[in-house]
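Working notes, structure below.
Bear in mind these aren't lab numbers, they're just calculated from the coordinates by the rules spelled out. A quick note: this is a predicted structure, and the numbers were derived from the prediction, not measured. Neighbour counts run over all protein chains shown; Cβ positions are idealised from the backbone, glycine included.
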């Protein structure tokens with residue numbers, strides 16, 4: 001049987017650009033090469049799209065200019081069946097056609113802005129390509145920490161108290177914002193850009209001066225900032241969920257370890273030389289919590305996944321206070337987190353996980369095809385006959 005062509009999209013105009021490259025390399029290295037053919041699709045920081053054999057080699061990314069010179073510029077076909085990658089090459093003759101590459105499914109590996117927030121997912125929906133991970137709604141809400149917490153709180157899920165602010169309001173008149181935050185929350189506080197991950201722009205504040213500084217830092221990365229109630233004695237617990245809104249399966253729970261109370265960007269992606277990504281971070285797996293609490297966290301993870309209309313896979317991060325009360329901290333939808341290391345102890349290796357996720361993507365695409373999105377009417381024929389509507 002012919003192989004399924006999997007386009008792995010990564011890079012992008014995001015501060016998590018380099019993390020995305022690491023994720024893509026892990027996916028392309030571990031995909032079942034007897035069943036799938038991976039096609040790398042690299043989006044440069046300029047926004048241009050490239051493909052080519054050199055993109056498989058991690059060492060090539062040490063000199064991006066030379067790498068791009070070896071690669072071909074491409075773009076997605078915006079009409080028709082939407083499953084072709086077209087090369088930006090000049091036609092050689094009057095009737096010649098541009099070179100193209102068939103794509104059967106997309107495996108997004110773009111972290112952060114324009115990749116994890118629903119933008120890429122919207123593009124793939126428009127061109128009709130199946131893709132791994134949450135759709136537009138789940139991606140967008142899961143990426144925006146303010147919207148996410150509002151939806152989770154409304155759904156009855158436990159979240160820490162929080163406040164939020166707009167960067168422009170902060171620049172115009174910061175004092176009322178500080179007073180509002182200090183009325184509703186108490187120090188320590190955790191300050192984050194609303195739409196970033198990988199610990200970028202996140203700070204802890206223990207007093208008002210620290211709060212001002214942390215908001216200024218976060219303001220460089222997003223126009224909206226969330227301020228969360230910090231816990232003084234807590235444990236981080238992560239759990240992954242896989243499925244398409246039915247038959248959801250939860251992974252083992254882990255406790256990520258750090259000398260700080262939250263993992264820094266470097267700890268997440270540069271720790272333990274030779275093992276890149278979150279898989280290289282220190283952890284206790286399974287987490288040192290009771291079986292009863294483990295089941296509680298797993299059920300909360302599945303409820304969070306379903307409430308935010310996710311599909312494919314996601315990692316849900318929790319905080320346990322000193323009384324072992326779990327709070328949903330955030331969700332990391334695909335491509336924010338593949339979390340293969342949480343599934344390996346259950347007998348699902350990285351290659352098998354990739355296979356399952358592609359299967360879930362194709363299944364979700366088939367389900368969507370069953371719905372009606374347009375139908376013919378005679379409304380245009382009635383124009384000019386007194387049948388128009390305002």
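With each pseudo-label sitting 7 Å past Cα toward Cβ, what's the residue 346-residue 246 distance in nm, one decimal?
The two pseudo-label positions are separated by 1.9 nm.
Please arrange 349, 154, 104 by how many other C-beta atoms lie within 10 Å of their C-beta, fewest to most.
Lowest count first: 154, 349, 104.
Calculated FRET efficiency, residue 325 and residue 207, Cβ-Cβ r, R0 22 Å, to nearest 0.05?
The calculated FRET efficiency here is 0.25.
At R0 = 30 Å, how high is the FRET efficiency between residue 290 and residue 154 if r is their beta carbon distance? Nearest 0.05 is fine.
The value I calculate is 0.55.
Using a ≥ b ≥ c from the Cα gyration tensor of segment 210-252 (square roots of the eigenvalues), is it rounded, prolate or oblate, where a/c under 1.5 gives rounded and otherwise the larger of a/b and b/c decides, a/b for prolate?
Taking the square roots of the gyration eigenvalues as a ≥ b ≥ c, segment 210-252 is oblate.
With all pairs of different alpha carbon atoms counted, what Kirkwood hydrodynamic radius in Å does segment 161-229 show?
About 11.5 Å for segment 161-229.
Based on the alpha-carbon gyration tensor of segment 184-261 and its eigenvalue square roots a ≥ b ≥ c, which shape applies: rounded if a/c is under 1.5, prolate if not and a/b is larger than b/c, or oblate?
Prolate is the answer for segment 184-261, as a/c is 1.5 or above and a/b outweighs b/c.
Using a Förster radius of 45 Å, what is the FRET efficiency between residue 63 and residue 381 based on their Cβ-Cβ separation? Nearest 0.05, please.
0.15
Need one number: the % of Cα-Cα pairs in segment 14-87 sitting beyond the 14 Å mark.
Of all Cα-Cα pairs in segment 14-87, 64 percent lie more than 14 Å apart.
Work out how much length residue 99 to residue 70 would gain on full extension: take 0.36 nm times their residue separation and subtract the Cα-Cα distance, in nm to one decimal.
Computed gain between residue 99 and residue 70 is 8.8 nm.
Rounded, prolate or oblate: which fits segment 4-131 when a ≥ b ≥ c are the square roots of the eigenvalues of the alpha-carbon gyration tensor, with rounded for a/c under 1.5 and prolate only if a/b beats b/c?
Taking the square roots of the gyration eigenvalues as a ≥ b ≥ c, segment 4-131 is rounded.
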